[in-house]
Every structure is written in C-alpha cells, then in structure tokens.
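The block underneath contains the structure these notes are about, expressed in structure tokens.
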C-alpha cells in the first residue's frame, strides 16, 4: 500500500493492514494537520519503506519525549511520524493512502482537547489524554 504527499515526491510504502489507526485530538496534532484532529496508521519501522526527501520537525510531548514529523520540502505534507513513546513504530496519516477508506480509527486519544462536535464512531478505545501502556 502506498501513501504519498500532495506533489508525489515523498512516499511511504507499507506491506498491508496496520496494527492500529489512532485519532489524536491534542493541540499538536490539530496544528500539524490543520484540522480538529490528526490520525495515523502505525507499523513497525522496518515495515515502512520511505522514498524521497523529507524535512524533520521535532516537538516536545507532555511526557518529556519528542514527536517527530517528517514532511515534504516541496508541498509541506507530513508523510510520516515517529515518537519516543512508541520508539519502534512509524505512523502514516491515512488520508495519504491511495485507498484511505480501508482504514478507520480504533483508538481516540487526547479527548480532553477534542472539539465537542467531533465524534469518532469507529473508535473502541477512548482516552482523555495519551494512552497509558
């Protein structure tokens, strides 16, 4: 399955179905996505093949870690993310896939900053802040 930025320069290829799709309502994801929430499907790093040039932006997390966003220097689209909370996983926004309708969020996090009119009906797990493992 292939995901790409708006101009097609930065691409992520994954082998198939994901382990999880997460909808995040934190202010950082709202600002990253320009929408009421961010979302991403996650795979182990070794299962995600990246092609193209990316610029990395790191933002601090509430837990003292970092959340890294990798975006296309031409069109600005964030194509993948990595964080210190789950250091072996790479997230790819589901809207970037050729068929984005095949994935649905199963988890909704940071709901304390969720816009009150937003509902994630497919989420079976809900957390006021980050998921606690």
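Each value in this text was obtained by applying a stated rule to the coordinates, not by laboratory testing. Since this is a predicted model, take the numbers as computed values, not measurements. Using ideal geometry, Cβ is built from the backbone for each residue, glycine included, and neighbour counts are taken over all protein chains shown.
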(message) For the list (1) touching a residue at least 24 places away in the same chain (Cβ under 8 Å); (2) farther than 18 Å from residue 13 by Cα; (3) in contact with a strand residue (DSSP E or B) (Cβ under 6 Å, 6 or more places away or on another chain), I need the number of the one condition that residue 127 fails.
(response) (1)
(message) Which of the numbered conditions does residue 49 fail, given that it passes all the others? Conditions: (1) under 28 Å from residue 128 (Cα atoms); (2) touching a strand residue (DSSP E or B) at 6+ places or on another chain (Cβ under 7 Å).
(response) (1)
(request) Would you mention how many residues in segment 31-49 are in contact (Cβ under 8 Å) with a residue 24 or more places away in the chain and either crowded, with 16+ Cβ neighbours inside 10 Å or within 13 Å of the chain's Cα centre (by Cα) (or both)? (result) 10
(request) Quickly run through segment 1-30 and pick out the residues that are in contact with a strand residue (DSSP E or B) (Cβ under 8 Å, 6 or more places away or on another chain), surrounded by 16 or more Cβ atoms within 10 Å (Cβ to Cβ) and part of a loop (DSSP other than H, G, I, E, B). (result) 1, 5, 10, 14, 18, 25, 26
(message) Being part of a loop (DSSP other than H, G, I, E, B), closer than 26 Å to residue 124 by Cα, over 11 Å from the mean Cα position of the chain (by Cα) and in contact (Cβ under 8 Å) with a residue 40 or more places away in the chain is the filter here; which residues of segment 62-103 pass it?
(response) 62, 63, 85, 86, 88, 98, 99, 103
(request) Can you run down the residue pairs with Cβ atoms below 8 Å, 6 or more apart or on separate chains, where the first is in segment 104-120 and over 8 Å from residue 23 (Cα atoms) and the partner is assigned to a helix (DSSP H, G or I)? (result) 110/29; 113/27; 113/30
(message) Filter segment 33-59 down to the residues that are over 10 Å from residue 92 (Cα atoms) and part of a strand (DSSP E or B) and list them by number.
(response) 38, 44, 49, 50, 51, 55, 56, 57, 58, 59
